[in-house]
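The structure under discussion appears below in the form of structure tokens.
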Amino acid sequence: MTDQAIDTLVDQATDIREGESLDLNSLVPYLEAQIPGVEGIPRVRQFPGGASNLTYLLQYPDKDLILRRPPFGTIAKSAHDMLREAKIIQALKPVYPYVPEIMAICEDHSVLGCDFYVMERLVGIIPRQDLPKGLNLSESDTRKLCLNVIDKLIDLHSIDPYTAGLSELGKGEGYVERQISGWSDRYRKAITDNASGFETVMAWLEEKQPKDIANRLIHNDFRFDNVVLNVDNPFEVIGVLDWEMATLGDPLMDLGNSLAYWVQADDDPQMQFMRRQPTHLKGMLSRQEVIEYYMDKTGFNVPCFDFYEIYGLFRLAVIIQQIYYRYHHGQTKDKRFQNFIHAANYLEQRCMKLIEKSVL
């Protein structure tokens, strides 16, 4: 494949957004001291995706690096923990080879005014809202890609954190209860005067919560736009990114989180508007097919998945509302967030419809 053809498929960084540039006067000498072979001033670009942590491409003549830092402006103390994310990636590398290599972790705020880390760049295709132009897959090929991506979540959930020496990544039993309590509390703290109440949804989740089905490594944000595909073989997943919220917990909760983003072809227009990954394509599994495939491969089984699906949608609504709260109160000026309130309110309606039909 020619370099030009590869460039059309590989995820591209763009110009840095206003107010989000990096201080190269401090950064350059730090990187030269920390990473062998790094010299000179890199060309810095920014990846446009994501509404949470910021991701930059540092281009040197002989290598590319990725820098991850928290957003600018006021943020919650417990959010955007760069050190934790980097250390999780380091711990996972021996047992889950799809994470990138960490090159440097910085706790010195005199460099960029925040914690940040630098890792290797995994060059490949990231399936965002739509597949990149030039990647034309048949219906059967699309299904093959879909299954391979789901398999990487299943692979993660098959790791025993205790034998892998990763038991300290989470708190253990009681995960479901902590999530329902925690996300409900976060939503109430992020309510704005134009936000839905979600009280009925939160009460239903509190009442219907099951016991943890297992305690496994979970990603907590597993989506198509967080995987990297091999340019020469787009069915092969070579990387899984964005481990900010990874922990130990119930794997079915993780699957529910993923399905909250899983917009299929027959969803209503509001849900289609929120689509961030190509799960609408012919050949992609439906949400129900994903659940059945996952249960068959893992051996986990529950008679009804409604709780996990509704939880995933509620949690997504909280994340969206938290981001909107920052915009609403002038803590960020990023115009991408001005309509997030409509998405959060819509998700309450979607939760309520599922609750009304639930057999739980």
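The values are calculated or read from the model by the stated rules, or taken from the named source; none is laboratory data. All values derive from a computational prediction rather than experimental measurement. Counting neighbours? That spans all protein chains shown, and the Cβs are built from the backbone with ideal geometry, glycine included.
Among the residues of the range 153-171, is any within 30 Å of Lys282 (Cα to Cα), modelled with pLDDT of 95 or more, of a type in the set (D, E, K, R) and within 20 Å of the chain's Cα centre (by Cα)? There is at least one residue in the range 153-171 that is within 30 Å of Lys282 (Cα to Cα), modelled with pLDDT of 95 or more, of a type in the set (D, E, K, R) and within 20 Å of the chain's Cα centre (by Cα). Here His280, His329 are screened, and the one residue that is in the same structural domain as Leu205 (by TED's automatic domain parsing) and over 21 Å from the mean Cα position of the chain (by Cα) is His329. Those helices (runs of 4 or more DSSP H) of the range 260-340 in which 3 or more residues are surrounded by fewer than 17 Cβ atoms within 10 Å (Cβ to Cβ) and not basic (Lys, Arg) occupy 269-273, 287-298.
Among the numbered conditions (1) within 30 Å of Thr163 (Cβ to Cβ); (2) in contact with a Ser or Thr (Cβ under 8 Å, 6 or more places away or on another chain); (3) modelled with pLDDT under 90, the only one that Arg68 does not meet is (3).
The set of residues in the range 240-292 being farther than 24 Å from Ile213 by Cα and touching an Asp or Glu at 6+ places or on another chain (Cβ under 7 Å) consists of Asp242, Arg276, Gln277, Pro278, Lys282, Gly283. Elements of the type strands (runs of 3 or more DSSP E) sitting completely within the range 16-72 and holding at least 3 residues that are touching a His at 6+ places or on another chain (Cβ under 6 Å) and free of Cβ contacts under 8 Å to residues at least 12 places away in the same chain: there are none.
If you go through the range 103-113 and keep only what is buried (at least 17 other Cβ atoms within 10 Å of the Cβ) and outside any helix (DSSP H, G or I), you end up with Met103, Ala104, Ile105, Cys106. Among the residues of the range 189-230, just one is of a type in the set (Val, Ile, Thr), more than 22 Å from His157 (Cα to Cα) and crowded, with 18+ Cβ neighbours inside 10 Å, namely Val201. Pairs only if they're at least six apart or on different chains, beta carbon under 6 angstrom, first in the range 227-250 and free of Cβ contacts under 8 Å to residues at least 40 places away in the same chain, second of a type in the set (Phe, Trp, Tyr); list them, first residue then second. As it stands, the answer is none, since no pair meets every condition given. Just one of the numbered conditions (1) more than 19 Å from the chain's Cα centre (by Cα); (2) over 22 Å from Lys297 (Cβ atoms); (3) at pLDDT 90 or above is not true of Phe116: (1). Restricting the range 114-141 to residues that are of a type in the set (Val, Ile, Thr) and crowded, with 18+ Cβ neighbours inside 10 Å, which is farthest from Asp81 (Cα to Cα)? Among those residues, the one meeting the criterion is Ile125. If you filter the range 23-39 down to residues that are among the small types (Gly, Ala, Ser) and at pLDDT 95 or above, you find that the one that is surrounded by the fewest Cβ atoms within 10 Å (Cβ to Cβ) is Ala33. Scanning the range 187-236 for residues that are of a type in the set (S, T, N, Q), under 21 Å from the mean Cα position of the chain (by Cα) and under 27 Å from Glu356 (Cβ atoms) turns up nothing. Of all the listed residues (Pro94, Pro132), the sole one being more than 17 Å from the chain's Cα centre (by Cα), in a loop (DSSP other than H, G, I, E, B) and within 30 Å of Ala344 (Cβ to Cβ) is Pro132. In this structure, Gln129 qualifies as touching a residue at least 60 places away in the same chain (Cβ under 8 Å) and not assigned by TED's automatic domain parsing to the domain that holds Asp250.
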